[in-house]
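Heads up: the structure comes next, in C-alpha cells.
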Amino acid sequence: MPNFNLKYNNDNISIDANINQYIAKLELLNEPCHLKHAPEYMNIKIPLAVDYLCQYLGFNKSHNTTESIRIPICKECLKGLYDKNWVLVYCITCNSSQWIWKPNTFIEFNTDVIWLDKCPKCKEEK
Ligand SMILES: [Zn+2]
Ligand SMILES: [Zn+2]
C-alpha cells in the first residue's frame, strides 16, 4: 500500500477503516479493467475499473496468508462475478484471465473464480 498524505480542512473528520477502501477506489480513476474482455486482435476499448477483485494467497498446508492480489475490475465484470452462469479463470502468474459460460461446459463449478498458479499461456512463454 502506498502512503497517503491526507489533508483535511475540517479536523473533526473521523477516519475509519472504510477510508482506506475509499482511497483505493479513487486510485482506480482512469485505471482500465484488468480482466479479459475480448480477443486482443479485436482492439476494443476496455472499460474503466470501478472496484477491485481481491484474493489472499497463501500456502495450502499452513493456512497462512502471505500475499494478496488486487485486480481492478469494471462494472461489467463485477456483474459477471455475481452472475451464476459465468465463472472466471484467473492466472496469478501472468495475470491472464478467461470467462467461461457455464451452460456451455459439462464441468460442475462450485466457485465463481478459479485461481490458477500457472496457465497454458505461462507455459508457452517459457
Ligand atoms: Zn471488465
Ligand atoms: Zn498464466
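Every number here is computed from the coordinates shown, using simple stated rules; none is lab data. These numbers were taken from a predicted model, which means no experiment stands behind them. A quick note on method: Cβ atoms are made from the backbone with ideal geometry, for glycine too, and the neighbour counts reach across all protein chains shown.
Structure values in brief
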item: Cβ-derived FRET efficiency at R0 25 Å, GLU108 paired with SER68, nearest 0.05; result: 0.35
item: Modelled FRET efficiency - R0 30 Å, LEU48 with LYS121, Cβ distances, 0.05 increments; result: 0.75
item: Nearest-0.05 FRET efficiency for TRP99 and ASN30, computed from C-beta distance (R0 25 Å); result: 0.60
item: Distance violations [Cα-Cα > 24 Å] among LYS75/LYS123; LYS45/LYS75; LYS36/LYS102; LYS84/LYS123; LYS25/LYS45; LYS36/LYS121; result: LYS75/LYS123; LYS84/LYS123
